[in-house]
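Structure record follows, encoded as structure tokens.
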Amino acid sequence: HVQLVESGGGLVHTGGSLRHSCVVSENMFNFNDMGWYRQAPGKQRELVATINVGGLTNYAGSAKGRFTISRDNTKNTVYLQMGSLKPEDTAIYYCTARLLTRNYWGQGTQVTVSS
């Protein structure tokens with residue numbers, strides 16, 4: 001049973017920074033890629049960033065230049081460093097591990113950016 005446990009998030013002012021961490025219960029090399037998604041109130045869940053086993057990253061347009069995804073394979077942990085935060089970044093952030101067509105999800109952590 002795959003488990004992803006997230007930490008980080010919280011309340012921050014516009015322009016501030018936050019870092020999310022996500023610890024996976026299995027070796028991350030078992031998955032095609034790791035990623036972060038977010039869901040704002042009344043909106044669909046959307047991609048923020050992904051990182052594959054080779055370290056190749058992919059970002060949503062809204063995250064490029066402000067967010068950085070990284071992974072520490074020795075700790076089975078994936079990170080999302082967020083900077084220059086805006087009120088529109090307010091959402092629940094979810095960590096995910098993808099194996100082929102199946103995604104495993106963390107419990108989600110709330111990020112609130114006040115103006």
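Which distance in nm do the two modelled labels at Ser115 and Ser62 give, with both placed 7 Å along the Cα-to-Cβ direction? Going by the 7 Å Cα→Cβ label model, 1.5 nm. Our estimate of slack between Gln81 and Ser25, defined as 0.36 nm per intervening residue step minus the Cα-Cα distance, is 18.0 nm. Take the solvent-accessible surface of the protein heavy atoms, probe 1.4 Å, and return the percent of it on the stretch 1-89 that carbon and sulfur atoms account for. Answer for the stretch 1-89: carbon and sulfur cover 48 percent of the accessible area. Each peptide in 88-96, 26-34 was scored by the mean count of other Cβ atoms within 10 Å over its residues; highest first, the order is 88-96, 26-34.
Heavy-atom accessible area, probed at 1.4 angstrom with all protein chains present, ranks Trp36, Trp105 as Trp105, Trp36, highest first. Summing Cβ point charges (Lys, Arg +1; Asp, Glu -1) relative to the Cα centre of the chain gives a dipole of roughly 140 debye.
Write down, largest first, the equivalent ellipsoid semi-axes of the chain in whole Å, where each equals the square root of 5 times an eigenvalue of the alpha-carbon gyration tensor.
Semi-axis lengths for the chain are 23, 14, 13 Å.
With contacts taken as Cα pairs under 8 Å and at least 6 residues apart, the chain reaches a relative contact order of 36 percent.
The values are calculated or read from the model by the stated rules, or taken from the named source; none is laboratory data. These figures come from a predicted structure and were not determined experimentally. Note that we place each Cβ from the backbone using ideal geometry, even for glycine, and neighbour counts take in every protein chain shown. Heavy atoms of the whole protein, side chains included, go into the accessibility calculation; ligands, DNA and RNA do not. Shrake-Rupley method; radii C 1.70, N 1.55, O 1.52, S 1.80 Å.
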